[in-house]
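Below is one structure, written out as structure tokens, with a few remarks after it.
The values are calculated or read from the model by the stated rules, or taken from the named source; none is laboratory data. What you see is a predicted model, and the numbers here were worked out from it, not measured in a lab. Don't worry about glycine lacking a Cβ; one is built from the backbone with ideal geometry, like all the others, and counts go over all protein chains shown. Please note that ligands, DNA and RNA were not included when accessible areas were found on the heavy atoms of the full protein model with its side chains. Shrake-Rupley method; radii C 1.70, N 1.55, O 1.52, S 1.80 Å.
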Amino acid sequence: MKYNSYMLHNFKNIPQIESIPVELIDAIETVGSVLPFKTNNYVIDNLIDWNNIPDDPMFKLTFPQKDMLIPGHYKKMMSVIQSGADKPAIKEAANEIRLQLNPHPAGQLEHNVPMIEGEKLYGMQHKYRQTVLFFPSQGQTCHAYCTFCFRWPQFVGMEDLKFASKESELLVKYIKEHKEVTDVLFTGGDPLIMKTKHLETYIRPLLDANLENLKNIRIGTKALGYWPYRFLTDDDAEDLLILFEDVRRAGKHLAFMAHFNHPVELSTDVVSEAIKNILDTGAVIRTQSPVLKHINDSAEIWKEMLKKQVSLGCIPYYMFVARNTGAQHYFSIPLVDAWKIFQKTYQSISGICRTLRGPSMSCLPGKVQILGVADVKEEKVMVFRMIQGRDPNWAARPFFAKYDEEAIWYTDLKPAFDEEKFFFTDELNRILSPEEVENDFE
Ligand SMILES: *Cc1c(COP(=O)(O)O)cnc(C)c1O
Ligand code: SF4
């Protein structure tokens, strides 16, 4: 299958676009000037139900919607476009708005950047003891863009790709020197946007180096959801599958971290075949998604998605909470509601689907999971624990926040029982500078 991508400049070539109301086209143009937009022929022809516009979840997942900008920003952007402004003027207006959407400028990434021989390794992040994130420089885009994506600043060119690395040698060296590291997680964008030969230049050295402490090579990708032909008919699909087999042959586990946001992404024959091909290499597929308003904010949808995943041989892994950036106001739901969806989902699936963890916020102190709502000594509280902690000792320790049915992010939480702070607050402040705590970047 030939891959055709569509962005702001050519989306009107999509045949189905003719059938949608002009207001929706205006919204795509207006919001798409601020937030990134990219889709492709597989998503358009197989995943979107064009008879269900504008409500279709995959349409909302990939096409910009009016309400993704607050009314003031939308109006501003629309008037600039309608005034016939040239490209630089449109870009300037867009950037002005983007800066108000918490795009976390690159400086805030400093804290998770590892060092080797006194030099910072941009292109890597090491926040949790066992797992190093690696951002291959050619893997910083995707087969289509999710409208909720927290990486939006890099797709619109706001963040210099300072943290994209070409340096697989340094990666090997770093893992050698850090015996606590058992996992490397390739991430992006989407590392599987890369040609196999490029991916190989990162993975083969890891295998050849015989790193005893390295056990798991993880690849975080949405290719199964957005372009399953990557594992079937793309020129280098076979080489990719051979690479996966070689990981196994080298005695490492290839952990394929697949992003699926809606069950329809698991409904095509192409995706079933792609999953089968990956599993045949000995890799294990784990799945993750945020819970998102307009897309998947119901237990029924999650139940269907998880059951389908498990029946195809995938293992449910993370349910995330929408991050505090970009169009968060459009996608986020209160933590208490996310937990209710989790609980209802969990209750309706069998044990082998209950490997799902969450809902979890990837935030400054760690991966913070809401365990539920409880009454403790006549106070209604929210119960949390960290799945991962910036300090490893924080993990798996429960803590309590005042009940707040509107809280959507951990920064909205107040300690329960009239305590002044959470158990991790002092240490977090010690590790980080005050601006960082305020900016709340991971
Ligand atoms: C989520 C995440 C990981 C991986 O965490 P696991 O719980 O092992 O899947 C690693 N590093 C960062 C920065 C993360 O946000
Ligand atoms: S595939 Fe992942 S990185 Fe790419 S746009 Fe979607 S959420 Fe973002």
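State all residues of the range 228-268 that are of a type in the set (Gly, Ala, Ser) and within 25 Å of residue 62 (Cβ to Cβ); if no residue qualifies, say none.
237, 258, 267
Of the residues that make up the range 391-398, is at least one aliphatic (A, V, I, L, M), outside any strand (DSSP E or B) and within 16 Å of ligand 1 (Cβ to nearest atom)?
Yes, the range 391-398 contains a residue that is aliphatic (A, V, I, L, M), outside any strand (DSSP E or B) and within 16 Å of ligand 1 (Cβ to nearest atom).
Could you please give the count of residues in the range 399-418 that are open to solvent by less than 20 Å² (accessible area, probe 1.4 Å) and either within 14 Å of ligand 1 (Cβ to nearest atom) or in a loop (DSSP other than H, G, I, E, B) (or both)?
Total satisfying the criteria: 4.
Given the residues 172, 181, which is the only one that is among the β-branched types (Val, Ile, Thr), touching a Pro at 6+ places or on another chain (Cβ under 6 Å) and more than 16 Å from ligand 2 (Cβ to nearest atom)?
172
Say whether the condition of being in contact with a helix residue (DSSP H, G or I) (Cβ under 6 Å, 6 or more places away or on another chain) and either under 20 Å from residue 175 (Cα atoms) or of a type in the set (Val, Ile, Thr) (or both) is met by at least one residue in the range 92-105.
Yes, some residue in the range 92-105 is in contact with a helix residue (DSSP H, G or I) (Cβ under 6 Å, 6 or more places away or on another chain) and either under 20 Å from residue 175 (Cα atoms) or of a type in the set (Val, Ile, Thr) (or both).
Looking at the range 218-280, what helices (runs of 4 or more DSSP H) fall wholly within it and have at least 3 residues that are aliphatic (A, V, I, L, M)?
Once the helices (runs of 4 or more DSSP H) in the range 218-280 are filtered for at least 3 residues that are aliphatic (A, V, I, L, M), what remains is 237-249, 269-280.
I need the helices (runs of 4 or more DSSP H) fully contained in the range 24-133, keeping only those with at least 2 residues that are open to solvent by 10 Å² or more (accessible area, probe 1.4 Å) and of a type in the set (Asp, Glu).
It comes to 87-98.
Let me spell it out: the conditions are (1) modelled with pLDDT of 95 or more; (2) touching a helix residue (DSSP H, G or I) at 6+ places or on another chain (Cβ under 8 Å); (3) not in a helix (DSSP H, G or I), and residue 185 meets all of them except one. Which number is the exception?
Going through the list (1) modelled with pLDDT of 95 or more; (2) touching a helix residue (DSSP H, G or I) at 6+ places or on another chain (Cβ under 8 Å); (3) not in a helix (DSSP H, G or I), residue 185 breaks only (2).
Select, from 287, 345, the only residue that is within 29 Å of residue 217 (Cα to Cα) and either crowded, with 24+ Cβ neighbours inside 10 Å or under 20 Å from the mean Cα position of the chain (by Cα) (or both).
Result of the check over 287, 345: 287.
Could you name every one of the helices (runs of 4 or more DSSP H) located completely within the range 296-347 that has at least 2 residues being more than 20 Å from residue 404 (Cα to Cα) and either free of Cβ contacts under 8 Å to residues at least 40 places away in the same chain or among the basic types (Lys, Arg) (or both)?
In the range 296-347, 299-311, 335-347 are the helices (runs of 4 or more DSSP H) which contain 2 or more residues that are more than 20 Å from residue 404 (Cα to Cα) and either free of Cβ contacts under 8 Å to residues at least 40 places away in the same chain or among the basic types (Lys, Arg) (or both).
Would you mind stating whether residue 227 is touching a His at 6+ places or on another chain (Cβ under 8 Å), closer than 30 Å to residue 345 by Cα and away from ligand 1 (no atom under 16 Å from the Cβ)?
Yes: the conditions hold for residue 227.
Take residue 224 and decide whether it is open to solvent by less than 10 Å² (accessible area, probe 1.4 Å), farther than 20 Å from residue 183 by Cα and in the same structural domain as residue 181 (by TED's automatic domain parsing).
When the stated conditions are applied, residue 224 passes them.
With respect to the numbered conditions (1) open to solvent by less than 10 Å² (accessible area, probe 1.4 Å); (2) within 16 Å of ligand 2 (Cβ to nearest atom); (3) within 21 Å of residue 286 (Cβ to Cβ), which one is the sole condition not fulfilled by residue 359?
(2)
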